[in-house]
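Report on one structure; see the data block that follows.
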Ligand SMILES: Cc1cc2nc3c(=O)[nH]c(=O)nc-3n(C[C@H](O)[C@H](O)[C@H](O)COP(=O)(O)OP(=O)(O)OC[C@H]3O[C@@H](n4cnc5c(N)ncnc54)[C@H](O)[C@@H]3O)c2cc1C
């Protein structure tokens, strides 16, 4: 017999298995979504109002607030964030957005603010279980949606008073006008395009900031969306995120024509887009699970409808597409956390794929359920109405494709 030498076992560094902490988080958030969010979803969709009692309950158990965001953002693999968001949005997208909307303002403060500014303002975007607060992130304007460089809201500095005056109109703002803290992006030098913009914190009850029209929406109706007007809004110098010195240095570099931190800015967007992908996964999975159960129960021609390939293949494709989208979302979240460069705009890929899958899968779910899918007694029509937002906010599908095309070509394509 010939003796064989066994090769040493390879060190496995790659795994798609969730660890104990991730599994526990997933289960905990899922239970909250199942017991508290899901049963309230229809009511708050109909009321089209911020679901304050649900936010309060979430804060009580630790699912709304700085601590929760800190916890889910601390995972070195980056996966806890998309895992938690997927479960919340599985419960309901409108309530999910009411819970996550403040996170947009917090991300802007954390991304641009000094440690003192983060310490002062981020907790005020959440408040406490007894006194819930919200944050709002105000970028979009009537003439500046996808084209952020067209922004008109101005910020003018008065050095004698160390004070900024903001004037302009924002639109489509989640929590706009009802938030405790508004983070407002404004133009400080109109000759420099996006490089001449800066972010300001407008604190509670600041005169001159008011809500305009509150929009009646197709979906995510438990999330408040409104116009925000800024008329001679005065904010102290300390409310400029990052501080004046940093802004002056940035403006000087731009005026000198030095290369911008475009890669850094792209990196910031790329790292937040997987979160929107995770929201879309939650809604898509909710629709898939509901229609799978229904297809096994509903009998026509003497057998469950799933026994027709037309139905079972639809469900097979839904499952496959949702899993494929999740892999892209997890990859991008892992890249963001481990500071990998998004050379091919992998963050945009994850948001684009998951949002388009969500619109498609929720529509298929309605087809599988027939008439039951079309009425408000069942949640499928709501899932489909909710799904559409993911292809619009935080960059439309077309803008994601543009970002990917630019990244892979290295060219400034229009
Ligand atoms: C419910 C909701 C909540 C929101 N929350 C916030 C918020 O909290 N804060 C905030 O600042 N904003 C928010 N937004 C705004 C959102 O980010 C914008 O709606 C989005 O960026 C698109 O801008 P727009 O609506 O002006 O569309 P437009 O930019 O006018 O786009 C219209 C169409 O033209 C296409 N298009 C535009 N430019 C190009 C191009 N170069 N190439 C190809 N196609 C193009 C778009 O893809 C789209 O199909 C929210 C929007 C909604 C609906």
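No lab work stands behind these numbers, since they all come straight from the coordinates. Model, not experiment: these values are computed from the prediction. All Cβ positions, even for glycine, are placed from backbone atoms using ideal geometry, and neighbour counts span all protein chains on display.
When N is the residue count of the stretch 135-255, what does its C-alpha Rg come to as a fraction of 2.2 N^0.38 Å?
The reported ratio for this selection is 1.05.
For the stretch 262-409, what is Rg from Cα atoms divided by 2.2 N^0.38 Å, rounded to two decimals? Write out the running numbers ahead of the final one.
Numbers: Rg = 17.2 Å, N = 148, 2.2 N^0.38 = 14.7 Å.
Scaled against compact globular proteins, the figure is 1.17.
Taking every pair of distinct Cα atoms and averaging 1/r, then inverting, what Kirkwood hydrodynamic radius in Å comes out for the stretch 325-406?
Its Kirkwood hydrodynamic radius stands at 13.8 Å.
Antiparallel DSSP bridges in the chain: what percent, to the nearest 5?
Counting only bridges with both partners in the chain, antiparallel ones make up about 85 percent.
If R0 is 25 Å, what FRET efficiency do you get for residue 210 and residue 398 from their C-beta distance, rounded to 0.05?
Using R0 = 25 Å, I get an efficiency of 0.15.
Once you sort the root eigenvalues of the Cα gyration tensor of the stretch 155-211 as a ≥ b ≥ c, which label holds: rounded (a/c under 1.5), prolate (a/b larger than b/c) or oblate (the other case)?
Taking the square roots of the gyration eigenvalues as a ≥ b ≥ c, the stretch 155-211 is oblate.
Give me the distance in nm between label points sitting 7 Å out from Cα along the Cα-to-Cβ direction at residue 249 and residue 157, one decimal.
Placing both labels 7 Å beyond Cα along the Cβ direction yields 1.4 nm.
Would you kindly state how much longer the chain becomes between residue 167 and residue 344 on full extension, computed as 0.36 nm times their sequence separation minus their alpha carbon distance, in nm to one decimal?
My answer for the length gained is 60.0 nm.
If you take the C-alpha gyration tensor of the chain, multiply each eigenvalue by 5 and take the square root, what semi-axes do you get, largest first, in whole Å? It would help to have the intermediate numbers written out before the result.
Details: eigenvalues 291, 151, 86 Å².
Over the Cα atoms of the chain, the ellipsoid semi-axes are 38, 27, 21 Å.
Under a crude label model (7 Å from the Cα following the beta-carbon direction), how far is residue 232 from residue 411 in nanometres?
Computed distance between label sites residue 232 and residue 411 equals 5.2 nm.
Counting pairwise Cα distances across the stretch 206-312, what percent come out greater than 21 angstrom?
Result for the distance tail: 71 percent.
Roughly speaking, what is the stretch gain from residue 7 to residue 73, that is 0.36 nm per residue apart minus the C-alpha to C-alpha distance, in nm to one decimal?
Here the answer is 19.8 nm.
Just want the ordering: 224, 30, 412, from fewest to most Cβ atoms lying within 10 Å of their own Cβ.
With the fewest neighbours first, 224, 30, 412 line up as 412, 30, 224.
Two decimals is fine: what is log10 I(q)/I(0) at q = 0.11, 0.13, 0.15, 0.22 Å⁻¹ for the stretch 20-132, from a Debye sum with one equal scatterer on every Cα and no solvent?
-0.35, -0.48, -0.64, -1.27
Using the count of nearby Cβ atoms within 10 Å as a rough guide to exposure, how do 134, 328 rank from fewest to most?
328, 134
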